[in-house]
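Student: Structure in structure tokens, see below.
The values are calculated or read from the model by the stated rules, or taken from the named source; none is laboratory data. As the structure is a prediction and not an experimental result, all values here were calculated from the model. So basically every Cβ, Gly included, is an ideal-geometry build from the backbone, and we count neighbours across all protein chains shown.
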Amino acid sequence: MSARQFLKLLASLVALAICTGAAAAQSSVKIGLILPMTGQQASTGRQIEAAARLFMQQNGTSVAGKTIDLILKDDAGTPDVTKRLAQELIVNDKVAFLAGFGITPSALAVAPLATQAKVPEVVMAAGTSIITQASPYIVRTSFTLPQATVPMAEWALKNGIKKAVTLVSNYGPGLDAEKAFSETLTKGGGQILGNLKVPLANPDFSPFLQKVADLKPDALFVFVPSGSGALFMKQFLERGLDKSGVRLICTGDVTDDDQLNGMGDVALGVVSTHHYSAAHDSPENKAFVEAFKKANNGMRPNFMAVGGYDGMHLIYEALKKTNGATGGDALIGAMKGMAWTSPRGPISIDPETRDIIQNIYVRKVEKVNGELYNVEFETVPNVKDPVKAAKK
Ligand code: PHB
């Protein structure tokens, strides 16, 4: 090599070193957060965004030497839009994570893109059992409907409920809830008098509630997605179902903390099962509720907020484990089996299914200091998604 050639090589090596050094110093990890900020599911978007921002405020915006860049997109709860936004976030923004997903069809629409691009898809809201099976890059920090519903049917059986009617939103999570409740109740000797399915968009519950009044079950079991509970309760009251002797039981999606306090006394005494209540009695939750309210004009966090908060925790911890390296295989590998104490209680990511394992609580709506809360009175510990557990 001539002296000239050597100098040229040296110069290019120095230039390369400067470039990579600069890139490393500035490098950021982008999280594409896709949520319904408008439309029927807007409360889910509002809650999860607030929780993600709170997490970043409390834990900083730098992890393993990388700056965390949160990019929020509104899909209005429309799966075609979710898919287009995810595509843009992958191709143009080069996000390391996709997160959010307010409803099941949105989470499923993105699954093939997550697989193709090997980008982790952190499901913070949607709850249909099958979602995590749609891509090996999906991991969930919300819950599954069967996980929350089987304990409700078991409680019903132990509490003298023999005949029940189910009323659910007619799509993935509702159908999961209907099946889990009906199968568990009938296996335990109970009887299902009717399975009513209500449209997801702009539901009118009154004709279905009339049917319930005619069937006269011991109990009505309900699932409607977060954001629709108040309308359901209003129509339940207007139809006089509260005085009909039919006991109302539900998943906690109906007595959602975002709306519960505005539902009025019709909600008092309603028993539900779920993974989170703002009234959960632990130091972690007290601190979470206080900080969340302080940062959001007194807004009470609901179960969606906790799914968002824990989703951010999972992302941060995975990055710490990979030392800031991105790539779906390393990140998903780091997430499997991770366990921590959430505001909802102890949780972990099932290494086999990438679904969340968590306590399910039986709760009753009560007035606490003048406000309505889901007060937990029984705990079913470490519940796995029962659909996947049964398949093994
Ligand atoms: C869903 O679409 O998976 C979903 C949405 C809201 C809920 C639960 C499940 O409260």
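Student: In the stretch 139-165, which residues are under 30 Å from LEU331 (Cβ atoms) and assigned to a helix (DSSP H, G or I)? Step through it out loud before you land on a result.
Tutor: So in the stretch 139-165, the residues under 30 Å from LEU331 (Cβ atoms) come out as 139-148.
Matches in the stretch 139-165: LEU145, PRO146, GLN147, ALA148.
Student: Applying the selection to the stretch 334-356, what residues are touching a residue at least 24 places away in the same chain (Cβ under 8 Å) and buried (at least 18 other Cβ atoms within 10 Å of the Cβ)?
Tutor: Residues satisfying the conditions are MET335, SER342, PRO343, ARG344, GLY345, ILE347, ILE349, ASP350, THR353, ARG354, ASP355, ILE356.
Student: For the stretch 82-128, what are the residues that are within 15 Å of the ligand (Cβ to nearest atom) and in a helix (DSSP H, G or I)?
Tutor: THR82, THR104, PRO105, SER106, ALA107, LEU108, ALA109, VAL110, ALA111
Student: Just to be sure I understand, how many residues within the stretch 148-170 are within 13 Å of the ligand (Cβ to nearest atom) and among the aliphatic types (A, V, I, L, M)?
Tutor: Within the stretch 148-170, residues that are within 13 Å of the ligand (Cβ to nearest atom) and among the aliphatic types (A, V, I, L, M) number 2.
Student: Consider the stretch 132-147. How many of its residues are within 14 Å of the ligand (Cβ to nearest atom) and within 12 Å of the chain's Cα centre (by Cα)?
Tutor: Selection size over the stretch 132-147: 6.
Student: Quick one: which residue in SER228, SER206, SER282 is crowded, with 23+ Cβ neighbours inside 10 Å and polar (S, T, N, Q)?
Tutor: SER228
Student: To continue, here is another question. Check whether at least one residue in the stretch 257-265 is touching an Asp or Glu at 6+ places or on another chain (Cβ under 9 Å), within 11 Å of the ligand (Cβ to nearest atom), under 21 Å from GLY174 (Cα atoms) and at pLDDT 95 or above, and report yes or no.
Tutor: Looking for residues that are touching an Asp or Glu at 6+ places or on another chain (Cβ under 9 Å), within 11 Å of the ligand (Cβ to nearest atom), under 21 Å from GLY174 (Cα atoms) and at pLDDT 95 or above, one finds none in the stretch 257-265, hence no.
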